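First the structure, in the form of structure tokens, and then the observations on it.
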Amino acid sequence: MKCARCLLQLQGLRLQGLQLQGLQLQGLQGQSARSAAQHGALLQSSSQPHMLRNTQHQVIRRFHRSPINDKNQPIPAEFIDEDDNKKDKSLVIHDDLFEQVARETKTKATFNKVVEVFIKQDVRRRGHVEFIYAALQKMPEFGVERDLAVYNKLLDVFPKEVFVPRNYIQTMFNHYPRQQECGVYLLEQMEGYGIMPNVDTKVLLIQVFGVKGHAVRKYQRIMYWFPKFKHTNPYPIPKNLPEDPVDLARFSLARIADDRDAKVTVYQLACTDITESGEEITLPHVVGIQSPSQMELLAQHNPSRPVFVEGPFPLWLRDKCVYYYVLRADPVPPEEKVEEPYDPERSLAYPLQLDLDLDRDLGDEESFDVEDLDEGAVFAMCMTSQGDQAVLNQWVSGLQQNNPILGRVPTLFRLEQGPRELQGAHKTKSDHQHRQDPQTQREEEEEEEASVEEELRRSQGMKQ
């Protein structure tokens, strides 16, 4: 009996296979004749499970495919919605969002408006990491890079209690590393601008990353080290530098000189003048500094040796760069040096000579091996908005009132290209010099010596 039942089941399965093959052949032959509407109807009807019966009244069930395979197949053009394409094209990059909202003015109010628009755009805050990175880059343009309230507002963009680790394993491994790196990057930017976090910053970080998060640990390190290094700089720079170029030049020169007895003199203020021909000329400002010790060195200078005006040299004050010029001389030859008697009270903080009577071992050396670099003396410094030879000559003429020896000393100008010149010119010029023949180099050296002699004669003639 069991064998008979097994044979009947095998016959039923064969009949099922034959019927399925017949249905597939019929479907392939009639598919070309069907219209698009019928094809859609068949797709709808095929989505509903239905039963097929064989001749022995046995139920035959349809085989269902996995929906994963359907996603990989191309979708017919009839079922593509045009609204989906419009939605994809309407996606806006976060950088463009700042430009669209703040087209006219870029202020703190417009920056906060962009942040509020992003917060209200989606409850789940999708894309918040990219938005925070873009906002941190745009902060200097809006002038809010030193505003603590704006940083706290950016921390409020993170979803709350989502990235908090739930167990010690998540705490040990980097839980949500991308979000934690973004939070640490925000705190590093605050640290770079010297902004001290407050209690609101701590509360927001704990709500977002938990007590053991990397961002919270970065906050703890900032709060530990910032108070220790806040007043360690003996020459602090104010946060708000003066906007007036003359005041900025005064502050910069006093910082370079590092001598309280040095006197800052304004030789010329920026103004506009009209010449006899009716042409309008803009005169730059010229600000100089000189200390009494520099005046003594200049008075003892040998009149037969020239002095040089060199520059420009850069000086960075926070995010501003200013340029200054110096009046200096070459090092004095060893045969012309005169040793002055040592004054022990000249510098009590930094003694110029050490007389130590200590017990020495056999391997100790009695003399200190100190490498001295002999440089020329610097007699004065100045700053100007236009560093050409005519303007710097006015500065030297102003120095001549308090330093009459400048009338007998030849002055040469060693001016480099301005700060706005491209560095490519230096490279091409140096490459050209390397490629020149030795004969041409000798000719150029002779021409340079002749030009130096002509400058000496002109400077002596102008001062006479």
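The values are calculated or read from the model by the stated rules, or taken from the named source; none is laboratory data. Please read these numbers as outputs of a predicted model, since none were measured by experiment. Positions of Cβ are generated from backbone atoms using ideal geometry, with glycine treated the same way; all protein chains shown enter the neighbour counts.
Exactly one residue among Gly127, Gly192, Gly183 is loosely packed, with under 12 Cβ neighbours inside 10 Å and out of contact with any Ser or Thr (no Cβ under 9 Å at 6 or more places or on another chain), and that residue is Gly192.
Count of segment 297-314 residues, restricted to those that are within 17 Å of Ala257 (Cα to Cα) and in a helix (DSSP H, G or I), is 2.
For the structure I just gave you, tell me whether Gln401 is under 37 Å from the mean Cα position of the chain (by Cα), modelled with pLDDT of 85 or more, at negative phi and part of a loop (DSSP other than H, G, I, E, B). Answer is no for this residue.
Taking the criterion of being surrounded by fewer than 18 Cβ atoms within 10 Å (Cβ to Cβ), closer than 14 Å to Leu97 by Cβ and not polar (S, T, N, Q), the only residue of segment 135-156 that qualifies is Glu141. Do the conditions hold for Leu253, that is, is it closer than 24 Å to Gln121 by Cβ, surrounded by 14 or more Cβ atoms within 10 Å (Cβ to Cβ), of a type in the set (A, V, I, L, M, F, W, C) and in contact with a Gly (Cβ under 9 Å, 6 or more places away or on another chain)? No; evaluated as a whole, the condition is false for this residue.
To keep it simple, each residue is scored yes or no on (1) more than 18 Å from Gln189 (Cα to Cα); (2) of a type outside the set (Val, Ile, Thr); (3) at pLDDT 90 or above.
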position: Pro140; (1), (2), (3): no, yes, yes
position: Pro159; (1), (2), (3): yes, yes, yes
position: Phe163; (1), (2), (3): yes, yes, yes
position: Asn167; (1), (2), (3): yes, yes, no
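Taking residues in segment 301-314 that are more than 17 Å from Ala390 (Cα to Cα), and partners anywhere that are among the basic types (Lys, Arg), the pairs with Cβ atoms closer than 6 Å and at least 6 places apart or on different chains are Pro303/Arg408.
For segment 203-226, enumerate the residues that are of a type outside the set (A, V, I, L, M), over 16 Å from Glu188 (Cα atoms) and out of contact with any Gly (no Cβ under 9 Å at 6 or more places or on another chain). Selection gives Gln207, Gly210, Lys212.
Just one residue in the set Pro159, Pro165 is assigned to a loop (DSSP other than H, G, I, E, B), closer than 25 Å to Met196 by Cα, touching a residue at least 24 places away in the same chain (Cβ under 8 Å) and not acidic (Asp, Glu); that residue is Pro159. Among residues of segment 140-156 that are touching a residue at least 60 places away in the same chain (Cβ under 8 Å), those with a Cβ under 9 angstrom from a residue that is among the basic types (Lys, Arg), sequence gap 6+ or separate chain, pair up as Arg146/Lys239.
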